[in-house]
Amino acid sequence: MEILNYMPLAAGAVWSVLGELQTILAVVFGLGMVIFFHELGHFAVAKWCNVHVERFSIGIGPIIWSHQRGETEYALSVLPLGGYVKMLGQDDMDPNQMTSSEIAENPRSYSSKTVPQRMAIISAGVLMNVATGFLFFAIGYWNGVLEPAPVVGGVRAGFPAWEAGLRAGDRVTAVNDEPIRSFVDLQEAILLSSGDLKINVDRGGKALPNPIVLTPVKASPGRSIGVIPAVTTEIGQIDDPVRIADAGMAIEKASEAFLPGDRIVGLQPQGESSDAAGEQIPEQPVRLIADLRRVLATYADREMVYLVERKSADGKPTVVRIRVPRQPVRKLGFWMAMGPIRAIQSNSPAAQAGLKVGDTIRAVDGLKPGEDIDPLSLPVYFGRNGGQTVTVMYSRATSGGTVEGQCELVPNADLPGWMESPDSSTSPLTIPSIGLGYQVQNYIAKILPGSEVEKLGGLSQLTKITKIELLHREPGTGKPDAWGNAETPVELPLAAGENATAEEAEPNWAWAFDQLQRAPGRKLVLHFEDGKTTGTRTLQDLELEDDWFLWVRGFNPEIWENERVLLRAQSLPEALTLGLATTRKVAFSIYRSLRKMVGREVDMESLSGPVGIAKIAYKVAERGFVELLVFLGILSINLAILNFLPIPILDGGHMVFLLWEGITRRKPSITVINWAHAAGMVFLLSLLVFVMWIDFFVSGN
């Protein structure tokens, strides 16, 4: 009986291994086919020109298998980094053959052929890769290609997209009048652009009357506007369901566990609200995480029923109602000092009221941040006062000194409080309802009476928090949290990032506060300095706020499936048209990428070597045959263009020598050819070492 019980597990393991093996074989075969078609182009045209082909090899280096058929040896070599066609009178390892008069006397040698014939032989590999890339794309679109939808999943505060007013859920339809079909198209249009971008957007199913014009900023790996792709509310088929909920968060206390494959289709706020007791809220449909975030932020102070679509045993979908409690904010026992405004959205209530970057908010409806109200709770305050007039007192630094000002504004009632979390230690904390991002300094402004911090002592006004450590209170639980292994200490340094500008030099306390809220099972170690001494204080049991709740309820952000769109041709001519358009777009994108790399506008670290390409190919192959086919199409166009660069040993280098011979009517000297080939070999080997270093030590492959 015990053996029988283990049989399904064993069978599952076998099928898993067979599936992985199938994927690996598909990748090896696919990459081999790209190389094969390139060399087949050289081989076919060489035969057509009656050239003696001595060897046709897939791979380079020592031969591990060969077969002689006729005058040609067909071989597989040990290093699958390329391939070659060895012709009489043309050998990259022995460039002397190109100038040998004895070999040139043989009518079937490569060197005896006319310049146009040799040009045809050399360019045939590139043309074959372009043709096969085009066919790969056409076949892919004929079957239907799933690509990331051109939908904004999130906007980084302070970046051009945020300042211009792009929102999560917006669908980009065109950039600079070029149609955008997928998020990949959008990324390429941004990365490879120059100057301003004119972006056409659909919002809520309707096109905005005017395009959004913005200027990308320099980021890694290139130009960026600060948008991330959309993800759906469907939980992916993850291996370990324990990873769905973070330890200690509200999701862990749900009435029923969430499962892989579940799709959240709606939210039903329950119970009493702090501002409208007993009010019944209708079900809120959700499809994207952006929808989920908006609803949860709006009703953060209510218990929530998640309407979950789940497949039953017979495969039919059913709707399961899962009740999840609210997630109170953890009190730290102190408030930090208010910092300056770091970003303002165009045409927002803040901009219309006259507030500017660099101003500091001194009071909101008479409440002074840091004295009467926690600066971190300002997004909630403005969100709760949506549609009502709020009076803001501010200070502004001028050439003549600091001046005080006052303005009135009306927050947007449709945008709640903490809906956008800072994504780095220097990112501003946003107030979505007024379109403003500000800094909260890491200096203590007020110690709350009766708090654990006050009882511990050692911390006072103007004490600077330099670092936070998150420790685990109860080792051995085995449950992961937002930081992975809940038993591993985590440090949150409050320091500017490496690429921070002068304006971002000071860290934003809001980022650390947001992060530690997501790990309620850990105790905190505060590292501080007060100008005289340094020290630490450990907080064991944090109290919970009575009327401040998080929109985050504890889902692991890595579990969600991406929002994708199916691009499928309705006819053969349409598939060919899409294939041709994609070929042109990919080729032009590669050219622009190379040009920008030369100009250092795109980081060299964005390159991938053989290991990186194989890793990407494996991930793509796991998603299906069509996705792998499209990837091989992109790889084919890459191989074509890179091979035609004017680098000795590559096809482009040979074309340079042939052009010289065609113009001057004489072949280059053997000295020039030897030096050029040696330089080309050194360059290619150096490039190979560099990209391998990126694969292993930079990109984590």
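Among the strands (runs of 3 or more DSSP E) confined to the range 317-374, the ones with at least 1 residues that are among the small types (Gly, Ala, Ser) and closer than 30 Å to VAL403 by Cβ are located at 334-344, 360-364.
For the range 604-622, the criterion of a residue being of a type outside the set (Asp, Glu), part of a loop (DSSP other than H, G, I, E, B) and at pLDDT 65 or above is satisfied by no position. All of ARG321, ARG310 fail the test of being surrounded by fewer than 14 Cβ atoms within 10 Å (Cβ to Cβ) and farther than 30 Å from ASN442 by Cα, apart from ARG321.
Given the structure, is LEU658 assigned to a helix (DSSP H, G or I), hydrophobic (A, V, I, L, M, F, W, C) and closer than 19 Å to LYS86 by Cα? Judged against the criteria, LEU658 is a match. For ILE468, the criteria (1) within 30 Å of LYS523 (Cβ to Cβ); (2) in contact (Cβ under 8 Å) with a residue 60 or more places away in the chain; (3) in contact with a helix residue (DSSP H, G or I) (Cβ under 9 Å, 6 or more places away or on another chain) hold in every case but one, which is (2).
When ASP301, ASP291, ASP314 are checked against the criterion of being touching a residue at least 24 places away in the same chain (Cβ under 8 Å) and part of a loop (DSSP other than H, G, I, E, B), ASP301 stands alone in meeting it.
Taking the range 513-530 as the range and being hydrophobic (A, V, I, L, M, F, W, C) and under 11 Å from LEU492 (Cα atoms) as the test, the residues that pass are PHE513, LEU516, LEU524, VAL525, LEU526. When restricted to residues that are of a type in the set (D, E, K, R), touching a Ser or Thr at 6+ places or on another chain (Cβ under 7 Å) and over 24 Å from LEU550 (Cα atoms), the range 310-358 contains 1. Does ALA290 satisfy being among the hydrophobic types (A, V, I, L, M, F, W, C) and under 28 Å from LEU415 (Cα atoms)? So ALA290 fits the description; yes. The set of residues in the range 198-213 being touching a Lys or Arg at 6+ places or on another chain (Cβ under 9 Å) and surrounded by 19 or more Cβ atoms within 10 Å (Cβ to Cβ) consists of VAL201, ILE212.
Is it the case that the range 675-693 has a residue that's within 30 Å of LEU135 (Cβ to Cβ), surrounded by 14 or more Cβ atoms within 10 Å (Cβ to Cβ), over 34 Å from the mean Cα position of the chain (by Cα) and at pLDDT 75 or above? Looking for residues that are within 30 Å of LEU135 (Cβ to Cβ), surrounded by 14 or more Cβ atoms within 10 Å (Cβ to Cβ), over 34 Å from the mean Cα position of the chain (by Cα) and at pLDDT 75 or above, one finds none in the range 675-693, hence no. Screening LYS198 against (1) on the phi > 0 side of the Ramachandran plot; (2) part of a strand (DSSP E or B) leaves a single unmet condition, (1).
Residue by residue, here is whether (1) crowded, with 18+ Cβ neighbours inside 10 Å; (2) within 24 Å of ALA640 (Cα to Cα); (3) modelled with pLDDT under 90; (4) not hydroxyl-bearing (Ser, Thr, Tyr) holds:
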residue: VAL45; (1), (2), (3), (4): yes, yes, no, yes
residue: CYS49; (1), (2), (3), (4): yes, yes, no, yes
residue: PHE56; (1), (2), (3), (4): yes, yes, yes, yes
residue: HIS67; (1), (2), (3), (4): no, no, yes, yes
residue: GLY70; (1), (2), (3), (4): no, no, yes, yes
residue: LEU79; (1), (2), (3), (4): no, yes, yes, yes
residue: GLY83; (1), (2), (3), (4): yes, yes, yes, yes
residue: MET87; (1), (2), (3), (4): yes, yes, yes, yes
residue: ASN96; (1), (2), (3), (4): no, no, yes, yes
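Being assigned to a strand (DSSP E or B) and aliphatic (A, V, I, L, M) is the requirement here; does MET419 meet it? No.
The values are calculated or read from the model by the stated rules, or taken from the named source; none is laboratory data. Computed from a predicted model, the values in this text were never measured in an experiment. Every residue, glycine as well, gets a Cβ built from its backbone with ideal geometry; the counts of neighbours run over all protein chains shown.
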